[in-house]
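To keep things clear, I will list the structure first and then write my remarks on it.
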Amino acid sequence: MLPIVRRGILGGTFDPPHLAHLVAGEAAHRELDLDVVTYVPAGAPWQKAGMDVSDPEHRWEMTVRSVAGVDYFEADHCEVRRDGWTFTADTLALFPEAEDIFLVLGADAAARIQTWQRVTEVLERCRVVVMPRPGTPREDVESAVGSCHWLDAPLLDVSGTRLRQRRRAGMSLRFLVPDEVLDYIEAAGLYGPA
């Protein structure tokens with residue numbers, strides 16, 4: 001009989017993928033003895049409808065580059081390839097029922113989980129793992145999610161929004177994103193002056 005796979009799933013817009021995403025995946029891998037952490041860039045994130053989100057292919061390419069070289073990290077394009085809005089419940093249903101799934105969320109996303117589509121399906125399918133984020137109180141997360149595992153990780157005030165703003169202002173993203181991601185951003189001309 002094959003051992004049960006313990007999989008962390010870390011989804012998001014990844015616009016761009018950054019240091020906090022990688023730290024969250026590493027902490028989850030170590031603390032929960034995960035076999036793999038799967039990074040899933042959102043194809044068409046419905047909660048960001050009407051917002052300026054980079055093309056899914058750019059976000060996919062950056063995600064692939066951000067996890068390269070880490071044996072227990074992988075990127076999955078299931079949402080990028082899916083037509084229409086992408087929902088976490090649909091994504092979780094793609095993984096084998098026998099797998100033990102841990103959904104890794106930033107505290108800000110976890111606090112808003114009750115606004116998600118089919119949230120009951122999500123919470124029944126996986127265990128929620130939370131990366132602390134500045135400005136999101138623990139009690140807000142726990143009232144939304146219920147039982148969850150809090151990662152023992154540094155409190156990193158890094159977000160895609162801030163990184164895009166820095167880039168548009170001509171500021172450096174070095175050491176805030178992996179070098180391979182920064183190379184891609186520069187080559188593709190992403191997040192340039194408005």
**Report entry** Hits in the stretch 69-85 (condition: touching a helix residue (DSSP H, G or I) at 6+ places or on another chain (Cβ under 9 Å) and under 14 Å from Thr38 (Cβ atoms))
**Finding:** Val70, Tyr72, Phe73, Glu74, Ala75, Asp76, His77, Cys78, Glu79, Val80
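Taking the options Glu99, Glu74, Glu61, Glu26, name whichever one is out of contact with any Phe, Trp or Tyr (no Cβ under 9 Å at 6 or more places or on another chain) and of a type outside the set (A, V, I, L, M).
Going through Glu99, Glu74, Glu61, Glu26 in turn, the sole match is Glu99.
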Query raised in the report: How many residues are surrounded by 14 or more Cβ atoms within 10 Å (Cβ to Cβ) and either modelled with pLDDT under 95 or part of a helix (DSSP H, G or I) (or both) when one looks only at the stretch 77-115?
Result: 18
**Report entry** Residues of the stretch 146-194 classified as farther than 16 Å from Trp60 by Cα and among the β-branched types (Val, Ile, Thr), total
**Finding:** 2
Query raised in the report: What are the residues in the stretch 28-46 that are out of contact with any helix residue (DSSP H, G or I) (no Cβ under 7 Å at 6 or more places or on another chain), assigned to a loop (DSSP other than H, G, I, E, B) and at pLDDT 95 or above, if any?
Result: Asp33, Asp35
Requested in this report: Count, please, the residues in the stretch 150-176 that happen to be surrounded by 11 or more Cβ atoms within 10 Å (Cβ to Cβ), out of contact with any Leu (no Cβ under 7 Å at 6 or more places or on another chain), closer than 26 Å to His29 by Cβ and touching a residue at least 24 places away in the same chain (Cβ under 8 Å).
Outcome: 5
Query raised in the report: Has the stretch 46-61 got any residue that is over 12 Å from the mean Cα position of the chain (by Cα), more than 23 Å from His149 (Cβ to Cβ) and basic (Lys, Arg)?
Result: yes
Query raised in the report: (1) touching a helix residue (DSSP H, G or I) at 6+ places or on another chain (Cβ under 9 Å); (2) closer than 18 Å to His21 by Cα: which one isn't true of Val122, the others all being true?
Result: (2)
Report task. Please verify whether the stretch 117-128 includes one or more residues that are touching a residue at least 40 places away in the same chain (Cβ under 8 Å), over 20 Å from Val67 (Cα atoms) and surrounded by 15 or more Cβ atoms within 10 Å (Cβ to Cβ). Result -> yes
Report task. Counting only residues that are closer than 21 Å to Leu105 by Cβ, give me the helices (runs of 4 or more DSSP H) lying completely in the stretch 118-194 with at least 2 of them. Result -> 119-125, 138-145, 160-168
Query raised in the report: Condition test on Leu32, is it out of contact with any Pro (no Cβ under 9 Å at 6 or more places or on another chain) and crowded, with 21+ Cβ neighbours inside 10 Å?
Result: no
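The values are calculated or read from the model by the stated rules, or taken from the named source; none is laboratory data. Worth saying up front: this structure is predicted, and the values here are computed from it rather than measured. Note: ideal-geometry Cβ built from the backbone for every residue, glycine included; neighbour counts use all protein chains shown.
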